[in-house]
Amino acid sequence: MTTRAPLPHRVAAPAQERPTAPEAVFAQPEWGLPGEVAADMETLADRVRRLMTFQRGGDLILPLGGHLFDLVVTASGPEAYGVVTMLDEIQRCEQHDRPDACGPVIEDPERGWLVWLVPPGTSECWAPHRYGACLGRPHQLALPPLAQTDPPGVFWRRRMRGDRLVPPGPLRELLNRFRPGPIPHEMLLSTVLSSIS
């Protein structure tokens with residue numbers, strides 16, 4: 001059996017004074033009363049509930065703007081489908097992948113609309129356009145279930161993916177070129193989107 005040498009240690013001088021540590025003071029937390037839910041946690045919980053409903057095949061109602069998306073609404077029909085096909089080409093070149101590479105587009109056959117999901121903040125810089133109305137805050141949009149890719153009812157003409165939205169610059173140019181009409185009136189859109197809550 002081998003014995004090990006003791007580890008070196010410092011011996012304090014007996015006459016050395018040690019300073020006293022200040023008393024610990026804890027700030028009052030801003031959590032509110034016990035049992036209360038912080039406002040941001042309530043919002044987060046609500047969003048998680050909505051997302052879980054969406055994943056189970058239900059509708060998801062989301063606010064426009066913020067960090068998610070704004071939307072552009074156009075008429076549907078052959079001209080608008082031509083815009084979708086051209087955006088498939090443009091975004092396929094950028095993404096090097098699928099033939100349906102266009103960002104997310106929702107079709108509402110009852111109203112004759114296509115709803116293009118564009119980057120948040122687009123509504124703030126979207127000049128009035130003859131063939132497309134752009135809306136952001138404070139409106140909300142009900143997304144169809146992800147699996148709903150055909151009629152009847154509102155469906156995804158191009159499904160939502162996590163890596164892309166519809167680019168507003170090319171969308172404007174293609175709307176000028178293909179001219180889908182008639183454009184949904186912005187006041188009507190505002191009423192429909194605001195009533196979804």
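The values are calculated or read from the model by the stated rules, or taken from the named source; none is laboratory data. None of the values given here were measured: they were computed from a predicted structure. So basically every Cβ, Gly included, is an ideal-geometry build from the backbone, and we count neighbours across all protein chains shown. Surface areas here come from the heavy atoms of the whole protein model, side chains and all, with no ligands, DNA or RNA. Shrake-Rupley method; radii C 1.70, N 1.55, O 1.52, S 1.80 Å.
Tell me which of these TRP156 doesn't satisfy, since it passes every other one: (1) modelled with pLDDT under 90; (2) in a strand (DSSP E or B).
Single failed check for TRP156: (1).
Out of all the residues in the range 173-183, is one or more under 21 Å from the mean Cα position of the chain (by Cα) and closer than 21 Å to PRO109 by Cβ?
no
Count, please, the residues in the range 113-127 that happen to be buried (at least 19 other Cβ atoms within 10 Å of the Cβ) and farther than 15 Å from VAL83 by Cα. Quick ask: steps written out before the conclusion?
Within the range 113-127, the first condition is being buried (at least 19 other Cβ atoms within 10 Å of the Cβ), and the residues that meet it are 113-118, 122-123, 126.
From what is left, the residues that are farther than 15 Å from VAL83 by Cα are 122-123, 126.
Of the residues in the range 113-127, 3 are buried (at least 19 other Cβ atoms within 10 Å of the Cβ) and farther than 15 Å from VAL83 by Cα.
Could you identify the single residue in ARG130, ARG172 that is open to solvent by 60 Å² or more (accessible area, probe 1.4 Å), at pLDDT below 90, under 18 Å from VAL83 (Cα atoms) and out of contact with any Phe, Trp or Tyr (no Cβ under 6 Å at 6 or more places or on another chain)?
ARG130 is the lone residue from the list that is open to solvent by 60 Å² or more (accessible area, probe 1.4 Å), at pLDDT below 90, under 18 Å from VAL83 (Cα atoms) and out of contact with any Phe, Trp or Tyr (no Cβ under 6 Å at 6 or more places or on another chain).
Across the range 159-176, what is the total count of residues that are touching a residue at least 12 places away in the same chain (Cβ under 8 Å) and outside any loop (DSSP other than H, G, I, E, B)?
Here is the first cut: in the range 159-176, the ones touching a residue at least 12 places away in the same chain (Cβ under 8 Å) are 159-161, 163-168, 170-172, 174-176.
The next check asks that each one be outside any loop (DSSP other than H, G, I, E, B); those that pass are 161, 164, 168, 170-172, 174-176.
Counting residues in the range 159-176 that are touching a residue at least 12 places away in the same chain (Cβ under 8 Å) and outside any loop (DSSP other than H, G, I, E, B) gives 9.
How about the range 148-167: which of its residues are open to solvent by 40 Å² or more (accessible area, probe 1.4 Å) and closer than 19 Å to ARG92 by Cβ?
THR149, ARG157, ARG158, ARG159, MET160, ARG161, GLY162, ASP163, LEU165
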